[in-house]
1. Counting only residues that are touching a residue at least 60 places away in the same chain (Cβ under 8 Å) and in a helix (DSSP H, G or I), which one in the range 26-47 is least open to solvent (accessible area, probe 1.4 Å)?
2. Run R170 past the list (1) over 20 Å from A97 (Cβ atoms); (2) within 19 Å of the chain's Cα centre (by Cα); (3) exposed (fewer than 14 other Cβ atoms within 10 Å of the Cβ) and report the number of the one that doesn't hold.
3. If L72 satisfies every condition in (1) at pLDDT below 95; (2) in a loop (DSSP other than H, G, I, E, B); (3) within 16 Å of the chain's Cα centre (by Cα) but one, which is the exception?
4. Find the residue count for the range 7-25, including only residues that are open to solvent by 50 Å² or more (accessible area, probe 1.4 Å) and either hydroxyl-bearing (S, T, Y) or outside any loop (DSSP other than H, G, I, E, B) (or both).
5. Are any of the residues in the range 134-153 under 18 Å from G6 (Cα atoms), open to solvent by 50 Å² or more (accessible area, probe 1.4 Å) and in a loop (DSSP other than H, G, I, E, B)?
6. Do the conditions hold for Q50, that is, is it in contact with a strand residue (DSSP E or B) (Cβ under 9 Å, 6 or more places away or on another chain), open to solvent by 40 Å² or more (accessible area, probe 1.4 Å) and not charged (D, E, K, R)?
7. Scan the range 173-191 for residues that are assigned to a helix (DSSP H, G or I) and either open to solvent by less than 70 Å² (accessible area, probe 1.4 Å) or touching a residue at least 40 places away in the same chain (Cβ under 8 Å) (or both) and report the count.
8. Can you name the condition, by its number, that L130 falls short on among (1) in contact with a helix residue (DSSP H, G or I) (Cβ under 9 Å, 6 or more places away or on another chain); (2) aliphatic (A, V, I, L, M); (3) open to solvent by less than 50 Å² (accessible area, probe 1.4 Å)?
Amino acid sequence: MMRAWGNRPDTVVVDEPFYAYYLKATSKEHPGAEEVIATGEIDWRKVVAQLTGPIPKGKRIFFQKQMTHHLLPEVDRQWLDEVTNCFLIRDPREVIASYIKKRENPAVEDLGYVQQVEIFDFVRTSAESLPPILDAKDVLENPERMMRLLCKAIGVEFSESMLSWPPGFRETDGVWAKHWYGEVAKTTSFRPYHPRHDEVPERFTKIYGRCRECYDRLYEWRLH
């Protein structure tokens, strides 16, 4: 999604701006954590000021890729009223299978589903309409249709440039890209969806169940 929006000439993107703050506040052991903290902003209030200030580089659209678990409870949610909130969801079975390749023992709060529902509920109370939700599978199965639906939902003209892009890393990628974005850097478009048949390890049964509850709740409101 960040590649799609970043390829628009009228858009500037920012990659997980709360990540350094999150790692500093939680002491979570993530790949490259020390570098992320050293190069990022660790004061969430300053991050909020940047996200709600003038759009950088004179662009018209500011695409902000967020991870819901990075917005820890102490982060005041009111700033979310100043931006257009969109939610990307993905089957937790696939997320868990992918995540444990990098971190073997995530807790439920590391996966962001509970926080995503909480943030969705907060945003929904003040939004004039239902915040748009995209499911990752739907996007991969029909990228153009889903991106057109998203653009229509937020009042932005769709651009064909959102459907393909040059391979490689970007200067807008976080310093953590070398740890997490290896496959993303190889892409030139949305890759076709291929069902995964990974089994959730038994030790994650309860975590998967809780994530599934959250996912199913948002799934019924998705654009399709």
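The values are calculated or read from the model by the stated rules, or taken from the named source; none is laboratory data. Since this is a predicted model, take the numbers as computed values, not measurements. So basically every Cβ, Gly included, is an ideal-geometry build from the backbone, and we count neighbours across all protein chains shown. Please note that ligands, DNA and RNA were not included when accessible areas were found on the heavy atoms of the full protein model with its side chains. Shrake-Rupley method; radii C 1.70, N 1.55, O 1.52, S 1.80 Å.
1. Within the range 26-47, the match that is least open to solvent (accessible area, probe 1.4 Å) is V36.
2. Every listed condition holds for R170 apart from (3).
3. Against the list (1) at pLDDT below 95; (2) in a loop (DSSP other than H, G, I, E, B); (3) within 16 Å of the chain's Cα centre (by Cα), L72 comes up short only on (1).
4. Residues flagged as open to solvent by 50 Å² or more (accessible area, probe 1.4 Å) and either hydroxyl-bearing (S, T, Y) or outside any loop (DSSP other than H, G, I, E, B) (or both) within the range 7-25 amount to 2.
5. Scanning the range 134-153 turns up no residue that is under 18 Å from G6 (Cα atoms), open to solvent by 50 Å² or more (accessible area, probe 1.4 Å) and in a loop (DSSP other than H, G, I, E, B).
6. yes
7. Residues that pass the stated criteria total 6.
8. (3)
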